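Asker: Can you keep this structure in mind? I'll have questions shortly.
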There are 2 protein chains.
Amino acid sequence: MPVKIAIAEDNSFALRACINKLATEPDFKQVATAFNGDEMLGKLSQHAVDVILMDIMMPVMDGIECTRRVKQQHPQIKVIMLTTFDDDENILNAIMAGASGYLLKEESAEGVVKAVRDTIDGGAPMSAGIASKVLNLLRNPVIPKGHETTENFGLTAREIELLQQLKNGLSYEHIAANLFISPGTVRKHINNIYTKLQVNNKVSALSKASANRLI
Amino acid sequence: MPVKIAIAEDNSFALRACINKLATEPDFKQVATAFNGDEMLGKLSQHAVDVILMDIMMPVMDGIECTRRVKQQHPQIKVIMLTTFDDDENILNAIMAGASGYLLKEESAEGVVKAVRDTIDGGAPMSAGIASKVLNLLRNPVIPKGHETTENFGLTAREIELLQQLKNGLSYEHIAANLFISPGTVRKHINNIYTKLQVNNKVSALSKASANRLI
DNA sequence: AGGTAAATACGCAGAAATGCGTATTTGGTG
DNA sequence: CACCAAATACGCATTTCTGCGTATTTACCT
């Protein structure tokens, strides 16, 4: 049985790219496209659809609101977000709205194809990195209140790794052993972190990093 | 660079099956195996390990407790649960303990191999079905047993007051000034706190106090 | 090829924290 | 009143952390 797919994407170039990614699969049938959420909702009453690939940022009605309504009116339809945004806010909103999957647009053709099949099979495909953010959302209960501004402070991946070691109360020596670097390097990294976060001790650094969801 | 893998699995048949699933990859190096969590913890100080494939149900120390301790002592090590249980309780507990991935034992060899690589790349691989349960957990917040148990540790009101000062990253001097006591007294209080919480530094104390909702 | 950011590493000086004692004062309780 | 827990305070030795430099190597980008 062919998989009936709809795509909501306002950028025609991105839409074309998306269609191409699915073109290799003979059992995939692209039954509808729309340039915004409202248009997509309208087409759903005209076409049977299994899966929607949904952009988030669209005019008139964005992908998250559209997802919410799709799941309300057609709960059997699976929605996979396909977007460039990987911030907690959008991820959480999309999941809350009922999205089954969350892919970044940089995802490969095979990745998108597999995501569609996974979704049909009851899975919840996510780009690498998205899934781990989802786990972090679970670990650090979100305050449903307004979105606090999270800042990056220009921390590198390695520096965040150092912070994760720090948060367990490990000494520089122990961290150095864990990461196979010298204690002096650990110290250097941490000093850089302090400078970037504008703090001058572990506890403050961890507090600030945590408040900004860096760890 | 080879990927150093450890496996914790009490059933020798399942262990063998797991090893076989990884056998095809020339750059995978199985550096340690253990029949329970305690044994695994011991081996981690002897071998550099990138990823642990962890069974949940094991004697002596189960996989979730082991994961908790591994992430505590070696945060850089990624843990992938490999189990037959797919209930919310176990999934959530594993994630809370710090697991990066969650696979069912029925997972194919390719699936396990890909999961290991995904994890190294910062992803969070989950068997189809697990991921969607995770999303459901996020949508319907539940407080699992064991996450609301708070312990007092015999801390006095004053000691908790000290902890609240500590969590802001203040120095002993500054806290002393805030509370109108001598730095020596601050030190004494904090030493008493450490003894009661069985830790030996600020970060661990704050972490433990926070986990038990003392601050 | 040159420039840049990141990760690695070391040294020195000083500040802060930690471990382990001891001691006094205070407030409440039996 | 006698007792006890809690809060207060200090000292010494040691470990750990922090600030501020410098320097090399690697990877990536132009």
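The values are calculated or read from the model by the stated rules, or taken from the named source; none is laboratory data. Everything quoted here is computed from the prediction, not taken from an experiment. Methodologically, a virtual Cβ is constructed for each residue, glycine included, from the backbone with ideal geometry; neighbour enumeration extends over all protein chains shown. Just the protein is used for accessible areas: all its heavy atoms, side chains included, with ligands, DNA and RNA removed. Shrake-Rupley method; radii C 1.70, N 1.55, O 1.52, S 1.80 Å.
Asker: So in the range B:168-203, with the set limited to residues that are surrounded by fewer than 18 Cβ atoms within 10 Å (Cβ to Cβ) and basic (K, R), which one is farthest from DNA strand D (Cβ to nearest atom)?
Answerer: Of everything passing the filter in the range B:168-203, B:K196 is farthest from DNA strand D (Cβ to nearest atom).
Asker: Scan the range B:161-215 residue by residue and report those that are out of contact with any helix residue (DSSP H, G or I) (no Cβ under 8 Å at 6 or more places or on another chain) and β-branched (V, I, T).
Answerer: Answer for the range B:161-215, where residues must be out of contact with any helix residue (DSSP H, G or I) (no Cβ under 8 Å at 6 or more places or on another chain) and β-branched (V, I, T): B:I181, B:T195.
Asker: Could you grab me the full set of residues in the range A:37-94 that are touching a Lys or Arg at 6+ places or on another chain (Cβ under 8 Å) and within 26 Å of A:A211 (Cα to Cα)?
Answerer: A:T83, A:T84, A:D86, A:D88, A:I91
Asker: Within the range A:143-156, can one find any residue that is surrounded by 16 or more Cβ atoms within 10 Å (Cβ to Cβ) and over 23 Å from B:Q164 (Cβ atoms)?
Answerer: yes
Asker: Checking the condition under 18 Å from A:S132 (Cβ atoms), part of a helix (DSSP H, G or I), modelled with pLDDT under 95 and open to solvent by less than 20 Å² (accessible area, probe 1.4 Å), which residue from B:T119, B:T67 passes?
Answerer: Exactly one of B:T119, B:T67 is under 18 Å from A:S132 (Cβ atoms), part of a helix (DSSP H, G or I), modelled with pLDDT under 95 and open to solvent by less than 20 Å² (accessible area, probe 1.4 Å), namely B:T119.
Asker: For the range A:126-215, please list each of the helices (runs of 4 or more DSSP H) lying entirely inside it that holds at least 1 residues being within 14 Å of DNA strand C (Cβ to nearest atom) and out of contact with any Leu (no Cβ under 6 Å at 6 or more places or on another chain).
Answerer: Per the criteria, A:157-166, A:172-179, A:183-197, A:202-211.
Asker: Something else now. For B:A17, work out the one condition from (1) over 30 Å from A:E159 (Cα atoms); (2) among the aliphatic types (A, V, I, L, M); (3) not in a helix (DSSP H, G or I) it doesn't fulfil.
Answerer: (3)
Asker: Let me ask something else. Examine the range B:48-57 for a residue that is acidic (D, E), within 14 Å of chain A (Cβ to nearest Cβ) and surrounded by 19 or more Cβ atoms within 10 Å (Cβ to Cβ), and state whether such a residue exists.
Answerer: yes
Asker: Further question: Pairs please, first residue from the range A:170-184 and farther than 12 Å from B:Q76 by Cβ and not assigned by TED's automatic domain parsing to the domain that holds A:N201, second anywhere and part of a loop (DSSP other than H, G, I, E, B) and away from DNA strand C (no atom under 11 Å from the Cβ), Cβ atoms under 9 Å, 6+ apart in sequence or on different chains.
Answerer: Close Cβ pairs (under 9 Å, with a partner that is part of a loop (DSSP other than H, G, I, E, B) and away from DNA strand C (no atom under 11 Å from the Cβ)) do not exist here.
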